[in-house]
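Undergrad: Have a look at this one.
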Amino acid sequence: MARSKDKSETIVTISGKNYTLMGYESDEYMQRVASFVNSRLEEYRKVDSYRRLPADTQNVLVLLNIADEYFKTREQVEQLNEDLERRDKDLYDVKHNLVSEMSKNEALEATMQEMREEINQKEKRIVQLETELNHSRAARLAGMKPAQPAKPAQAMKPAQGVKHDPKKQ
């Protein structure tokens with residue numbers, strides 16, 4: 001509905017009679033309203049029981065039916081707005097959950113990458129140990145003593161049961 005800041009005057013025809021309407025809505029809008037009223041009047045004029053009513057009763061009946069249609073439409077609009085709000089909330093929740101799941105997924109992918117790197121290091125260590133084992137086996141088969149890995153130096157312990165007296169030296 002296009003609303004003007006200036007009042008305009010429009011002539012409309014309802015039931016064959018011209019009416020001058022004044023308002024802030026566009027001429028097109030006021031013509032659409034008049035057309036709507038004419039279409040409702042035409043619907044009722046097709047009903048025999050309506051045509052037998054006095055003119056003032058006919059007018060009140062049309063007004064009541066248009067008001068009924070207005071209120072039902074307004075209820076539908078309110079229901080649609082409530083549905084839209086609910087869907088907006090649901091959509092927000094879905095987006096929030098998606099972001100949360102994406103964050104969890106990124107963390108899991110980082111953990112997986114760390115585990116892959118750890119597995120890779122352990123596989124390298126396994127290859128290294130298998131190589132050492134194969135060299136050790138080959139040396140035994142060849143009758144040679146395998147090279148022992150260097151052991152850390154240990155402090156010598158006095159023999160058990162022997163006491164050391166520094167004065168006797």
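No lab work stands behind these numbers, since they all come straight from the coordinates. As the structure is a computational prediction, the values presented were derived from the model and not from experiment. Reconstructed Cβ throughout: ideal geometry from the backbone, glycine too, with neighbour counts over all protein chains shown.
Undergrad: Name the aspartates and glutamates eligible as straight-distance cross-link partners of Lys89: C-alpha to C-alpha under 19 Å, and not fewer than 8 places from it in the same chain.
TA: Within the straight-line limit of under 19 Å, Lys89 reaches these aspartates and glutamates: Glu78, Glu101.
Undergrad: A further question on this structure: Percent of Cα-Cα pairs more than 18 Å apart in segment 65-140, please.
TA: Here the tail beyond 18 Å accounts for 73 percent of pairs.
Undergrad: If the reach is capped at under 12 angstrom between alpha carbons, list the aspartates and glutamates near Lys7, excluding any in the same chain fewer than eight residues apart.
TA: Glu25, Asp27
Undergrad: At what distance in nm do the modelled label points of Lys95 and Arg74 sit from each other, each positioned 7 Å from its Cα along Cα→Cβ?
TA: Between Lys95 and Arg74, the simple spin-label model gives 3.2 nm.
Undergrad: Let me ask something else. What FRET efficiency would be calculated for the residue pair Val47, Thr20, taking the C-beta separation as r and a Förster radius of 30 Å, to the nearest 0.05?
TA: 0.50
Undergrad: Right, here's the next one. Spin-label point model (7 Å from Cα, Cβ direction): what's the Asn59 to Glu123 distance in nm?
TA: It works out to 9.3 nm between the two label points.
Undergrad: Starting from 0.36 nm per residue, how many nanometres of slack lie between Asp27 and Ser8 once their C-alpha separation is accounted for?
TA: Numbers: separation 19, 0.36 × 19 = 6.84 nm, distance 0.77 nm.
Working it through step by step, the gained length comes to 6.1 nm.
Undergrad: Taking the alpha carbon gyration tensor of segment 1-52, what are the square roots of 5 times its eigenvalues, largest first, to the nearest whole Å? Please list the in-between numbers first.
TA: Working: eigenvalues 155, 22, 8 Å².
Over the Cα atoms of segment 1-52, the ellipsoid semi-axes are 28, 11, 6 Å.
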